[in-house]
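S.K.: What follows is a structure written as structure tokens; I'll ask about it next.
Here, each number is a calculation from the coordinates, and none is a lab measurement. This structure is a prediction, so every number in the text was calculated from the model and none was measured. Here the Cβ is made from the backbone with ideal geometry for all residues, glycine too, and neighbour counts use every protein chain on show.
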Amino acid sequence: MTGSINLRQARFLVDAYAVGSVDSSEDYSKDSASSLGFPPGSYPDSSIITLHKLLRRLAGIDLPEKDRLDAFLRHVTRRNRRPKTLYCLYTSIVFFLGMIRDSGKTRLEEITKGDVEAFIEREQDRGIKITTIRTRLVGILSFLRYWMEEGIVSPEVFFRRIRLQMPERLPRAMEPDDAQKLLSVIDHTRDRAMILVLLRTGMRIGELLGTKMSDIHIKERRIEIYEGEKNRLGRVVYLSEDALCALNAWFHERVQWKEYVFYGHGRMNGPMCYSAARMRFMRYVQKAGLLHKGYTVHTLRHTFATELLNAGMRLECLQVLLGHRGIEETRRYARLTDKTREEEYFKAMSRIERGDNRNDDQQSHELATILETTELLTQHG
């Protein structure tokens, strides 16, 4: 029958009615509306057109809980949200649910606060701007809060405020003793290789998880990092002796036919997901008694950069190794080493001013030994 509409079209017309009447002053394309399945001559609200496009796109994506994302987007549209807001919400939640899918979870009931924190860390590790991460976080939390009020998502997700590290803050490196404590408690060959490679190469966790066996050249002691869909060689990093030994040990144990160096379980040939890698790292941080220090996987990259600068590496070399596009980003680590020296100075000066001479005997003995050696060398010179 001419002019009849199907059930799908009817659902969107109901949504359009819920949103309100169409603003006649806005120019809507007849072709755009008709291509989305609306009856000829109808002028749906721009938010409804955006909603229809997003739901059509959602239908073709492999994600858990798509029906709940569908319902949430409809709910937001009925509250007169602008098309741009709808798009931002959709993008943020799809990214988050994609990470949840990769971690092996399939239901909103399984989501924890740790999943949200893992998402933030992953985005920071990818170099996403803090303003973009904040926007995505707002969208994700609004989605989770909506379903918490429906009794689906656990209130535990909202117990404590989630903090974002601001870009103006100096990168935080792991203290040398803490790094040794962390390495000493790792009891799995794969995990030791993964953490040591991150600590000795400065790779981002996403770069390492995306590394294939063909990208590692053991004889040359280097890893090639490819970037983007065009698979262009981004940069090369090098393997220290201990990282090389850890990798070789893992290569002897791993499933040989797997394409990725660090592969996931339950996936035919895919890489380990970020959530799983983060969970393993945090397990060892807790085991080493360092949980209160606030270390994250990305701290290993900061530690790598700080240690190389302290050892005398030039900023330009470090910039290339870290894959920074501009030298200013690398200079943050130079400011960090300056800050470290400043802290060491005031810590030592504070001991002097307090008259804290706990190590006086040891230092006096060492000084006497040096003076005695110098005197002997002078006599025989």
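S.K.: What do you get for chymotrypsin sites (Phe, Trp or Tyr not before Pro) in the range 220-298 restricted to DSSP loop and a cutoff of at most 12 other Cβ within 10 Å of the site's Cβ? Each step should come with its number before you reach the end.
M.R.: Working: sites: Tyr226, Tyr238, Trp250, Phe251, Trp257, Tyr260, Phe262, Tyr263, Tyr274, Phe281, Tyr284, Tyr295; in loops: Trp257, Phe262, Tyr295.
Those that pass, being in a loop and sparsely packed, are Trp257.
S.K.: Moving on to the next point. Taking neighbour Cβ counts within 10 Å as the exposure measure, how do Ile352, Ile195 sort from fewest upward? Walk me through the intermediate numbers first.
M.R.: Numbers: Ile352 9, Ile195 24.
Listing Ile352, Ile195 from fewest to most nearby Cβ atoms yields Ile352, Ile195.
S.K.: For each of Thr85, Thr303, count neighbouring Cβ atoms within 10 Å of the residue's Cβ, then give the residues from fewest to most.
M.R.: Thr85, Thr303
S.K.: Also: With only Lys, Arg, Asp and Glu charged, each at its Cβ (+1 for the first two, -1 for the last two), find how big the charge dipole of the range 176-337 is about the Cα centre; round to the nearest 20 debye. Walk me through the numbers before you get to the answer.
M.R.: Values: 26 positive and 18 negative charges, 54 e Å.
Result for the range 176-337 is approximately 260 debye, rounded to the nearest 20.
S.K.: So, one more: At 10 °C and 1.306 mPa s, grab the translational diffusion coefficient of the range 175-261 from Stokes-Einstein with a Kirkwood Rh over Cα pairs, rounded to a whole number in µm² per second. Numbers along the way, then the final one.
M.R.: Details: Rh = 13.6 Å.
This corresponds to a translational diffusion coefficient of 117 µm²/s.
S.K.: For the range 176-337, what ratio Rg/Rh do Cα atoms give with a Kirkwood hydrodynamic radius? It would help to have the intermediate numbers written out before the result.
M.R.: Working: Rg = 15.6 Å, Rh = 16.4 Å.
Radius of gyration relative to Kirkwood radius: 0.95.
S.K.: Listing Ser214, Ser275, Ser142, Ser46 from the residue with the fewest other Cβ atoms within 10 Å to the one with the most, what is the order?
M.R.: On the way: Ser214 9, Ser275 21, Ser142 14, Ser46 18.
Lowest to highest Cβ neighbour count: Ser214, Ser142, Ser46, Ser275.
S.K.: Which of the GluC sites (Glu not before Pro) across the range 59-145 are loop residues per DSSP, with 13 or fewer other Cβ within 10 Å? Intermediate results must be reported in sequence, preceding the final value.
M.R.: Details: sites: Glu65, Glu109, Glu110, Glu117, Glu121, Glu123; in loops: Glu65.
The qualifying sites: there are none.
S.K.: Report the trypsin sites (Lys or Arg not before Pro) located in the range 110-159 that are in a DSSP loop and have at most 12 other Cβ atoms inside 10 Å of their Cβ, or state none. Kindly include the intermediate steps, with their values, before the conclusion.
M.R.: Details: sites: Lys113, Arg122, Arg126, Lys129, Arg134, Arg136, Arg145; in loops: Arg126, Lys129.
Passing sites in the range 110-159 are Lys129.
S.K.: With a sphere of radius 12 Å drawn around the Cβ of Phe304, what net charge do the other residues whose Cβ falls strictly inside it have (Lys, Arg +1; Asp, Glu -1)? Spell out each step's value before the answer.
M.R.: On the way: positive: Arg200, Arg204, Arg301; negative: Glu307.
Net of charged neighbours comes to +2.
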